[in-house]
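Presented below is the structure to which this report refers.
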Amino acid sequence: MTSLHLQAADAGLGFYFHSRDSGGNNNMEPEMEDNTLELMSSVPRSLWLGCSSVAESLCALRCLQSIPSTRAHNQNTSVMESQNHVDDLSPKKTTVLTKLSNGPVMTGSRKRPSEGNCDKEKEKEQCIALFDQWSETDQVEFVEHLISHMCHYQHGHINSYLKPMLQRDFITALPAQGLDHIAESILSFLDAQSLCSAELVCKEWQRVISEGMLWKKLIERMVRTDPLWKGLSERHQWEKYLFKNRTTEVPPNSYYHSLYPKIIQDIETIEANWRCGRHNLQRIQCRSENSKGVYCLQYDDDKIISGLRDNSIKIWDKQSLECLKILTGHTGSVLCLQYDERVIVTGSSDSTVRVWDVTSGEVLNTLIHHNEAVLHLRFCNGLMVTCSKDRSIAVWDMASPTDISLRRVLVGHRAAVNVVDFDDKYIVSASGDRTIKVWSTSTCEFVRTLNGHKRGIACLQYRDRLVVSGSSDNTIRLWDIECGACLRVLEGHEELVRCIRFDNKRIVSGAYDGKIKVWDLQAALDPRAPASTLCLRTLVEHSGRVFRLQFDEFQIISSSHDDTILIWDFLNVSTNGQSEGRSPSRTYTYISR
């Protein structure tokens with residue numbers, strides 16, 4: 001019993017016919033084969049190309065015979081295709097293309113399968129011989145024509161064949177040409193995950209990565225661009241193994257490979273500590289003699305400088321927390337300060353601005369301009385801006401600590417100007433009149449007003465396009481300085497928001513309710529983020545109003561009306577009540593063998 005199976009391949013571009021008896025053997029009458037040989041030679045090859053054997057092709061053609069219009073149509077199509085391509089190809093190419101497109105020419109007598117295979121092999125050899133005689137351009141042109149005659153199914157096979165031929169292992173090839181440095185330069189752009197994968201490609205890739213010290217270069221790149229990495233390198237003391245050339249003694253590439261995951265683990269731990277509020281707390285008791293309160297502070301790795309309500313400036317050792325020096329001279333509370341490597345500049349309720357030598361503590365200059373308390377000041381790159389309870393803003397040129405001259409006075413606020421900030425483009429001021437005003441840094445001309453707070457504004461920070469402000473309406477607002485739009489309102493404090501700082505990841509605010517709140521900055525800038533997800537943690541340790549704070553990737557340092565300075569350490573978090581300088585499970589020291 002013979003059964004006929006028809007299967008379409010590749011959207012009908014090729015057909016497969018299978019005629020087998022119940023025993024699985026081909027079953028074809030010789031008379032039928034003779035009758036169909038002529039039809040096979042006249043039907044386009046694309047209609048029976050998918051047949052796996054001559055016998056199966058004959059079964060397919062028998063089915064085609066039952067469709068009267070098929071043979072005539074295909075003959076016409078074959079003739080038209082042949083005519084179209086004759087004009088485009090040279091005689092030699094036309095001969096080869098005709099043989100490959102229409103198959104071998106069939107004679108009236110039936111050939112044995114073995115004879116047909118021999119003829120096919122000879123024809124292949126002739127085609128290849130002709131192909132080899134052509135130029136590369138002619139060969140490409142011919143192959144393009146040949147591919148255009150094929151079906152999608154064949155295109156897929158050709159693509160699978162060509163794909164591995166087109167791949168090149170350039171990392172292995174470059175060192176063979178004496179270009180190791182180019183291979184190293186290419187791989188140096190990989191991130192950590194890609195670099196791990198590259199090491200597993202082959203021994204040559206692993207050699208290039210190892211000899212090129214690419215794990216070391218990756219860590220160095222992160223230290224240069226990310227403050228968190230730089231801080232960790234300094235605190236865990238593996239910075240000494242970086243930025244050294246090959247002539248000095250440096251650990252092998254394997255050391256840096258093993259160091260990288262330790263750094264990532266440290267970073268993840270720090271981020272988790274911030275989110276969960278895990279910290280080690282240190283406390284400085286300022287012991288003011290008269291009135292208590294620490295109004296302002298600034299710190300670096302070695303010291304903390306604070307301005308107190310008792311008119312003094314105290315400098316503290318950041319490691320031992322001992323008071324190193326006390327500067328006196330102001331006749332009123334020290335309300336604001338800023339220092340760099342040369343000078344400390346302070347503003348006081350005595351209406352003066354004083355400039356001190358940061359090393360000796362000597363007074364270098366005293367500026368008398370404002371009529372009332374100097375509430376805030378900022379200086380950078382030879383420019384200083386001060387603001388006062390007298391509602392004015394003063395812009396100063398700082399040629400040197402002893403040569404400071406008044407450039408311009410900005411007037412426009414209707415109440416005390418509580419805070420100022422600036423960069424090369426804008427000066428930003430906030431006032432008790434509920435407004436934030438923007439001024440041009442270069443011309444000192446007024447630009448725009450930001451309105452939104454319902455009560456006076458006590459603090460702000462400005463960087464790039466973002467302004468973050470805190471108010472006595474108990475809210476924090478985020479602003480786009482260029483268009484003046486309020487981007488988000490943060491609610492959570494129960495009293496006046498007195499101080500605020502932000503970096504690329506978070507906002508930290510302190511208020512008269514004695515609380516410090518940590519907010520997710522990126523979520524706050526996303527209008528789709530729910531308000532309930534914005535505050536990451538509330539820190540409660542101060543027993544009085546929080547006046548000032550500063551923070552970095554590892555810590556917050558805050559001051560309060562309770563006469564204390566608190567250091568909130570999120571890096572060296574204690575697990576048993578003791579401060580840990582380093583995680584005991586990780587070591588960073590390289591020991592040469």
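The values are calculated or read from the model by the stated rules, or taken from the named source; none is laboratory data. Please read these numbers as outputs of a predicted model, since none were measured by experiment. Neighbour counts run over all protein chains shown; Cβ positions are idealised from the backbone, glycine included. Remember, those area values only see protein heavy atoms, side chains included, never the ligands or the DNA or RNA. Shrake-Rupley method; radii C 1.70, N 1.55, O 1.52, S 1.80 Å.
At a temperature of 20 °C and a viscosity of 1.002 mPa s, determine how fast region 283-432 diffuses translationally according to Stokes-Einstein, using the Kirkwood radius over alpha-carbon pairs as Rh; express D in µm²/s, rounded to the nearest whole number. Let's see the in-between values first.
Working: Rh = 15.6 Å.
In µm²/s, the coefficient is 138.
In whole Å, what are the extents of region 450-498 along the principal axes defined by its C-alpha atoms, from largest to smallest?
Principal axes ranked by extent give 30, 17, 16 Å for the Cα atoms.
Sorted from largest down, what three extents in whole angstroms do the Cα atoms of region 280-569 have along their principal axes?
53, 47, 28
For region 407-460, report the translational diffusion coefficient in µm²/s to the nearest whole number, using Stokes-Einstein at 10 °C, 1.306 mPa s, and a Kirkwood Rh over Cα pairs. It would help to have the intermediate numbers written out before the result.
Values: Rh = 11.2 Å.
Roughly 142 µm²/s, to the nearest whole number.
Given points 7 Å out from each Cα along the Cα-Cβ axis, report the Cys202 to Lys325 separation in nanometres with one decimal.
Modelled inter-label distance: 6.4 nm.
Kirkwood hydrodynamic radius, region 124-201, all distinct C-alpha pairs: what's the number in Å? If you can, show how the numbers build up before the last one.
Values: mean 1/r = 0.0609 Å⁻¹.
By the Kirkwood definition, the hydrodynamic radius is 16.4 Å.
As an exercise, use a Förster radius of 56 Å and the Cβ-Cβ distance of Ser360 and Thr137 to find the FRET efficiency, rounded to the nearest 0.05. Intermediate results must be reported in sequence, preceding the final value.
Details: r = 83 Å, r/R0 = 1.48.
The formula returns an efficiency of 0.10 here.
Between Asp119 and Ser532, what is the label-point separation in nm under the 7 Å Cα-to-beta-carbon projection?
8.3
Please compute the modelled spin-label separation between Ser543 and Asp397, points set 7 Å along Cα→Cβ, answer in nm with one decimal.
Result: 5.2 nm between the two label points.
Over all alpha-carbon pairs of region 379-511, lay out the pair-distance distribution in 5 Å bins, whole %, shortest bin first.
Histogramming region 379-511 at 5 Å steps yields 2, 11, 21, 24, 20, 12, 6, 3, 1, 0 percent.
Rank these by accessible area, largest first, 1.4 Å probe: Asp464, Asp169, Asp421, Asp357. Walk me through the intermediate numbers first.
Values: Asp464 115, Asp169 70, Asp421 15, Asp357 40 Å².
From most accessible down to least: Asp464, Asp169, Asp357, Asp421.
Within a Cβ distance under 14 Å of Asp520, other residues only, what is the Lys/Arg minus Asp/Glu net charge?
Values: positive: Arg275, Arg488, Lys505, Arg506, Lys517, Arg528, Arg537; negative: Glu271, Asp503, Asp526.
My count for the surroundings of Asp520 gives +4.
Which FRET efficiency value, to the nearest 0.05, is calculated for Phe446 and Ile264 with the Förster distance at 45 angstrom and r the Cβ-Cβ distance? Walk me through the intermediate numbers first.
Values: r = 48 Å, r/R0 = 1.07.
Calculated transfer efficiency: 0.40.
Using protein chains only and a probe of 1.4 angstrom, how many square angstrom of Lys425 are accessible, to the nearest 10?
Counting only protein heavy atoms, the figure is 110 Å².
Below 18 Å, Cα to Cα, which aspartates and glutamates can Lys425 reach? Residues fewer than 8 away in the same chain don't count.
Asp397, Glu445, Asp464, Asp480, Glu482
Tell me which lysines have Cα within less than 27 Å of Lys122's Cα, excluding those fewer than 8 residues away on the same chain?
Lys92, Lys93, Lys99, Lys111
Viscosity 1.306 mPa s, temperature 10 °C: what is the translational diffusion coefficient of region 155-297 from Stokes-Einstein with a Kirkwood Rh over Cα pairs, rounded to a whole number of µm²/s? Working shown, then result.
Numbers: Rh = 19.1 Å.
Using the Kirkwood radius from Cα pairs, D works out to 83 µm²/s.
Determine the sum of side-chain charges near Val208: Lys and Arg each +1, Asp and Glu each -1, restricted to other residues whose C-beta is under 12 angstrom from that of Val208. Display every interim value, and only then the final one.
Values: positive: Lys203, Arg207; negative: Asp169, Asp180, Glu184, Glu199, Glu204, Glu211.
Combined, the nearby Lys, Arg, Asp and Glu give -4.
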